[in-house]
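Colleague: My structure is below; once you've seen it, I'll send some questions.
The values are calculated or read from the model by the stated rules, or taken from the named source; none is laboratory data. Bear in mind that the values here come from a model prediction, so they are computed numbers and not experimental data. Because the Cβ atoms are built from the backbone with ideal geometry, glycine has one as well, and the counts that use them run over all protein chains shown.
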Amino acid sequence: MAPPPLPVATAGLSYPLYACDFDPEDASTLVVGGGGGAGRSGVGNKITVLTLKSPTTLTTTAEIELSRDEDSVTSLAVGSRRADNLLVYAGINSSPADIKAGINQHFRTFAVSFSEKTTSISLLDKAALLPASHPEKYQRVLRLAAPGPEVQIAAAASGLGADFQVVLAELSRNGPIAPKMHGLVELKAEANDIDVLRLGDGEKHQLAYCTNHELFTVNFTPDVRQDAQPTLAYDIPVDPTTGSRPTIRCLRYLTPSFVLLLVNLPRRSGVVLNVIRIPTKAGEKGRLAATARLPRRVAQATALAVRLLAAPVQPGEKLGAAQFAIAVAGHDSSISLFTLEHQCMHDVDLVWDLLLVHTVSETHPLQITGLAFAPFVAPKDGAGPGALALASISMGNTISVHSLPLKTVVDKKAEDKKSRYALALKGSGGAGTRVFILLTVVVLLMALAGQALLESLGQTKDVLGVSKYINNPFQIRSSVAPLPAVTSAKSKSAIDTIIEATTTTVDAVVNTDSPSSDQDKYLAQFLSNIKAEHINGPIFLHEVTEPSTNTQDGDDVHLHGVSHVAAVLAGDEHVGKAWEEISEEQKALWKARLSKAGRWAEHMGESVFKGILFSELAAAVRPQM
């Protein structure tokens, strides 16, 4: 039975959307931006504020139209409040004329003012943080760290151009509006995505950025800013079968110990989520802590969003038992929802159960360009479990906000037995569960095969009824397994070794009506005169030739005689050699004799000759005169 559809609120605007974010203090306020870019396309560049009034109602409360001579909004982040204003930061390139003159004030600060009657948006500041070294360069990505007591750190990455940078800026909570340079990282390749994390109570921050195949981290402290050096934390290995490497599309910090990577597989063959444990020592590489694959119909991913379903952890503190909600936008306008469990045990952070819990199909008419979770707000007492809002935007001018139901859970194994929140969506089973089920099935199949084999050999009670389908159980023993090597008197019997060998020979049980099995019968038949209980030593194989009744003088007995290959227990009177000891000529003669007599075939190999003593055969057939 399919799960019920999620409640959704939708809205349509007059311009394509490229960036969105929620107010970190108000889960009902959503800010979006985009536009048609510089030129006379007729599509304006705008920033819009919307309010989620109910799970199915989304309304526009404020909008600002930007200059059509400048670029569209390419990145956006909602910051903290200042007085009665909500600060919004956006990436907007200056006009082509300004950029040509070496001026690109790409970092914009807006204020959203709320009043009882109206809500308005106004531009507060323009700033240039990235070098204006190329006319195509723009502010591709913008991320904000958790605010500190005095400042909040913003990280912006450049796109296109001939050189690439990530810049960190200080955003004052009480002082000047203009951003202050905090640090700059020169990159060897363009960053596909970035994130920034505040560490501790001071000004320590860590930047994470990814190129196509590598994840880097950079530590910033009050003493190390401009000269901070990137550290390779993880690199995507080359697929040995194709020689290609997957591409990292997006990343998000989960905790100071883990980073989530959204990875597109080569040749549009799929998408995976990888949780990487960040190395803590110099020279170490990150380790894969959890992974999950999106449904196979999703060939590529375009956006990622993550939300911790718990109160924000203060920098420097450990996160305990909690769940992360994860959303991934696919190329087909679908949204795949995952959950990830987290726990801290003995001061060690652990993650597990990266599960797909829900898929929303065809959410927009065109490709999804952005995802954003609303801040998690614990429901008030008596208000029910509540819901988590997820916004998605598209190039088709559309906005959708889905409400994901929440539930309370209690960790029975935890000492404090505290309740916490999780998505009330059922998962499809973790990788560990699937592996356990697979191993269980394999063990059961092996047990059934072993029981059937023992029954066919007459070594156990008939449970499956295999013996009634086999006329001569000894046939399988003799034709399948190699006989034992010549060892001391205390060695295993030939039959013991045959029984052991059958456990690794799958092709032993064949259709007795097939041509190949007919040849196997002959080998079993000429050994059948030796009873199994009497075989406790090596076997001597020799050829007995009786003249034919119609032979003439001078005829070769090997041509006109009746040739028999006989097998007896080796005694002192028998002079023979092991298969490994006889010459190549003798091996060829024996193969020819046994094959001609129907006692051996090429597909049986030479392993069946081990443990047998061979007499010396006469030379090959002489030519007729």
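Colleague: If you go through the range 31-53 one residue at a time, do you hit one that is in contact with a Ser or Thr (Cβ under 8 Å, 6 or more places away or on another chain), small (Gly, Ala, Ser), part of a strand (DSSP E or B) and surrounded by fewer than 20 Cβ atoms within 10 Å (Cβ to Cβ)?
Modeller: Within the range 31-53, not a single residue is in contact with a Ser or Thr (Cβ under 8 Å, 6 or more places away or on another chain), small (Gly, Ala, Ser), part of a strand (DSSP E or B) and surrounded by fewer than 20 Cβ atoms within 10 Å (Cβ to Cβ).
Colleague: Consider residue 342 carefully, then state whether it is over 14 Å from residue 390 (Cβ atoms) and within 23 Å of the chain's Cα centre (by Cα).
Modeller: Yes: the conditions hold for residue 342.
Colleague: Another question about this same structure. Among strands (runs of 3 or more DSSP E) lying entirely in the range 119-166, which contain 2 or more residues that are within 19 Å of residue 212 (Cβ to Cβ)?
Modeller: So the answer is 138-144, 151-159.
Colleague: Would you confirm whether any residue within the range 221-228 is at pLDDT below 90 and basic (Lys, Arg)? Walk me through how you get there before you give the answer.
Modeller: Going residue by residue through the range 221-228, those that are at pLDDT below 90 are 221-228.
Checking which are basic (Lys, Arg) leaves us with 225.
Yes, that holds for at least one residue.
Colleague: From 608, 575, 568, 562, grab the single residue that is among the β-branched types (Val, Ile, Thr), modelled with pLDDT under 75 and under 10 Å from residue 541 (Cβ atoms).
Modeller: Working: 608 fails: under 10 Å from residue 541 (Cβ atoms); 575 fails: under 10 Å from residue 541 (Cβ atoms); 562 fails: under 10 Å from residue 541 (Cβ atoms).
Exactly one residue qualifies, and that residue is 568.
Colleague: Taking the range 115-129, which residues are surrounded by 18 or more Cβ atoms within 10 Å (Cβ to Cβ) and in contact with a Leu (Cβ under 9 Å, 6 or more places away or on another chain)?
Modeller: 129
Colleague: Return the pairs, sorted by first residue and then second, in which the second residue is among the acidic types (Asp, Glu) and part of a strand (DSSP E or B), the first residue lies in the range 61-79 and is more than 24 Å from residue 118 (Cβ to Cβ) and free of Cβ contacts under 8 Å to residues at least 12 places away in the same chain, the beta carbons are less than 6 Å apart, and the residues are 6+ apart or on different chains.
Modeller: Listed by first residue and then by second, the contacts come to nothing, as the list is empty.
Colleague: Let me ask something else. Tell me which residues, restricted to the range 38-60, are among the small types (Gly, Ala, Ser), free of Cβ contacts under 8 Å to residues at least 40 places away in the same chain and out of contact with any Phe, Trp or Tyr (no Cβ under 8 Å at 6 or more places or on another chain).
Modeller: Residues satisfying the conditions are 39, 41, 42.
Colleague: Pull up the range 145-179, narrow it to residues that are charged (D, E, K, R) and surrounded by 14 or more Cβ atoms within 10 Å (Cβ to Cβ), then point me to the one that is nearest to residue 134 (Cα to Cα).
Modeller: Taking the candidates together, the pick is 163.
Colleague: Give 287, 267 a once-over and let me know the one that is more than 30 Å from residue 205 (Cα to Cα), out of contact with any helix residue (DSSP H, G or I) (no Cβ under 9 Å at 6 or more places or on another chain) and either of a type outside the set (Phe, Trp, Tyr) or in contact (Cβ under 8 Å) with a residue 12 or more places away in the chain (or both).
Modeller: 267
Colleague: Quick test for you: out of 231, 255, 280, pick the one residue that is hydroxyl-bearing (Ser, Thr, Tyr) and either under 17 Å from the mean Cα position of the chain (by Cα) or within 23 Å of residue 372 (Cα to Cα) (or both).
Modeller: When all the criteria are applied, what remains is 255.
Colleague: Quick check on this structure: which one of 189, 178, 233 is assigned to a loop (DSSP other than H, G, I, E, B) and farther than 19 Å from residue 77 by Cα?
Modeller: Result of the check over 189, 178, 233: 189.
Colleague: Further, regarding this structure: For the range 365-405, give me each residue that is assigned to a loop (DSSP other than H, G, I, E, B) and buried (at least 20 other Cβ atoms within 10 Å of the Cβ).
Modeller: 374
Colleague: Can you spot a residue in the range 591-604 that is at pLDDT 65 or above, of a type in the set (Phe, Trp, Tyr) and in a loop (DSSP other than H, G, I, E, B)? Explain how you work it out, then say what you get.
Modeller: Start the filter on the range 591-604 by keeping residues that are at pLDDT 65 or above, which leaves 591-604.
Add one more test, that the residue is of a type in the set (Phe, Trp, Tyr), and what stays is 600.
With the extra rule that they be in a loop (DSSP other than H, G, I, E, B), the set shrinks to 600.
Yes, some residue in the range 591-604 is at pLDDT 65 or above, of a type in the set (Phe, Trp, Tyr) and in a loop (DSSP other than H, G, I, E, B).
Colleague: Continuing with the same structure: Taking the range 297-330 as the search range and keeping residues that are out of contact with any Phe, Trp or Tyr (no Cβ under 8 Å at 6 or more places or on another chain) and among the β-branched types (Val, Ile, Thr), which one is nearest to residue 25 (Cα to Cα)?
Modeller: Applying the filter and picking the extreme gives 313.
Colleague: Residues in the range 292-305: is at least one surrounded by fewer than 21 Cβ atoms within 10 Å (Cβ to Cβ), among the polar types (S, T, N, Q), under 26 Å from residue 232 (Cβ atoms) and without any contact (Cβ under 8 Å) to a residue 24 or more places away in the chain?
Modeller: There is no residue in the range 292-305 that is surrounded by fewer than 21 Cβ atoms within 10 Å (Cβ to Cβ), among the polar types (S, T, N, Q), under 26 Å from residue 232 (Cβ atoms) and without any contact (Cβ under 8 Å) to a residue 24 or more places away in the chain.
Colleague: Being in contact with a Leu (Cβ under 8 Å, 6 or more places away or on another chain) and at pLDDT 75 or above is the filter here, so list the residues in the range 441-460 that pass it.
Modeller: 448, 452
Colleague: Another one. With respect to residue 79, is the statement that it is within 16 Å of residue 25 (Cβ to Cβ) and within 38 Å of the chain's Cα centre (by Cα) true?
Modeller: When the stated conditions are applied, residue 79 passes them.
Colleague: Further question on the same structure: Identify all residues within the range 80-104 that are surrounded by fewer than 20 Cβ atoms within 10 Å (Cβ to Cβ), under 24 Å from residue 18 (Cα atoms) and free of Cβ contacts under 8 Å to residues at least 60 places away in the same chain; write none if there are none.
Modeller: 81, 85, 95, 96, 97, 98, 103
Colleague: Among the residues of the range 593-605, write down those that are touching a residue at least 24 places away in the same chain (Cβ under 8 Å) and either over 13 Å from residue 542 (Cα atoms) or aromatic (Phe, Trp, Tyr) (or both).
Modeller: 596, 598, 600, 601, 603, 604
Colleague: So is residue 288 aliphatic (A, V, I, L, M) and either surrounded by 16 or more Cβ atoms within 10 Å (Cβ to Cβ) or touching a Lys or Arg at 6+ places or on another chain (Cβ under 7 Å) (or both) or not? Walk me through how you get there before you give the answer.
Modeller: On the way: aliphatic (A, V, I, L, M): yes; either surrounded by 16 or more Cβ atoms within 10 Å (Cβ to Cβ) or touching a Lys or Arg at 6+ places or on another chain (Cβ under 7 Å) (or both): no.
Against the criterion (aliphatic (A, V, I, L, M) and either surrounded by 16 or more Cβ atoms within 10 Å (Cβ to Cβ) or touching a Lys or Arg at 6+ places or on another chain (Cβ under 7 Å) (or both)), residue 288 does not qualify.
Here is a yes/no grid of residues against (1) at pLDDT 90 or above; (2) assigned to a loop (DSSP other than H, G, I, E, B); (3) hydroxyl-bearing (Ser, Thr, Tyr); (4) over 23 Å from the mean Cα position of the chain (by Cα):
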residue	(1), (2), (3), (4)
296	yes, yes, no, no
306	yes, no, no, no
323	yes, no, no, no
327	yes, no, no, no
333	yes, yes, yes, no
